[in-house]
1. In segment 93-113, is there at least one residue being assigned to a strand (DSSP E or B), in contact with a strand residue (DSSP E or B) (Cβ under 8 Å, 6 or more places away or on another chain) and either at pLDDT 95 or above or under 30 Å from Glu136 (Cβ atoms) (or both)?
2. Name the residue that is most open to solvent (accessible area, probe 1.4 Å), counting only residues in segment 68-86 that are more than 28 Å from the chain's Cα centre (by Cα) and in contact (Cβ under 8 Å) with a residue 40 or more places away in the chain.
3. Quickly run through segment 34-67 and pick out the residues that are β-branched (Val, Ile, Thr), part of a strand (DSSP E or B) and open to solvent by 70 Å² or more (accessible area, probe 1.4 Å).
4. Which residues, counting only those in segment 20-59, are modelled with pLDDT of 95 or more and among the small types (Gly, Ala, Ser)?
Amino acid sequence: MTTPSDDVAEPVPVRVVLPADPVLGHPEQEVVARLWRRRQTETGWLYLVGLPSYRDREDGGVEAAEYRGWVRAPDHVRPVDGVDYDQVATEHLPPAPKSVVREVLGERRPSGWVLAKVREGRGPARGVLHAPDCEEAPQGAPLLGLEQALNVAENPGTRLCTLCGCAQELTPMMSGFDHITDSPSS
């Protein structure tokens, strides 16, 4: 429990929702409390509220006091009509640090592949497989998953684009990884 003199900022009124107590048969209640601070967290907002209370004095008397605790907003607090909350001390969550991996590699490319169909005269259809963000990829073409892309890539009439890296990504999966070694073969 704290006393109002513990903080220098002026609190503002706020309604605090007290939980229902089924054992005692009490319904959910709202009491007016004092809002001291707000804190943004990764899971939402927390409000430091001061609930009116009493405490025992050493001489056996009782005096008004305040019990402070953090409650989740908006689940457990409601505004009081006409109160300006702009002056409440507010701690905003700092932006998450940029991932070193993202800094080095850049943003992630969209997953999947697209097929650009090419017809050159008679004969079987031919095509070029691209990453979806390749500048040569057809707009609006259906996105192929890995298994579909590998099936299309095995077709002799299909080329794998080297501009977007499709060939570098899919060729090892088509021919297996056994040929990749750490040292030259003897």
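The values are calculated or read from the model by the stated rules, or taken from the named source; none is laboratory data. For clarity, every value in this text was computed on a predicted model and none was experimentally measured. Cβ sites come from the backbone with ideal geometry, for glycine too, and all protein chains shown count toward neighbours. Surface areas here come from the heavy atoms of the whole protein model, side chains and all, with no ligands, DNA or RNA. Shrake-Rupley method; radii C 1.70, N 1.55, O 1.52, S 1.80 Å.
1. Yes - at least one qualifying residue is present in segment 93-113.
2. The qualifying residue most open to solvent (accessible area, probe 1.4 Å) is Asp84.
3. Val62
4. Ala33, Gly50
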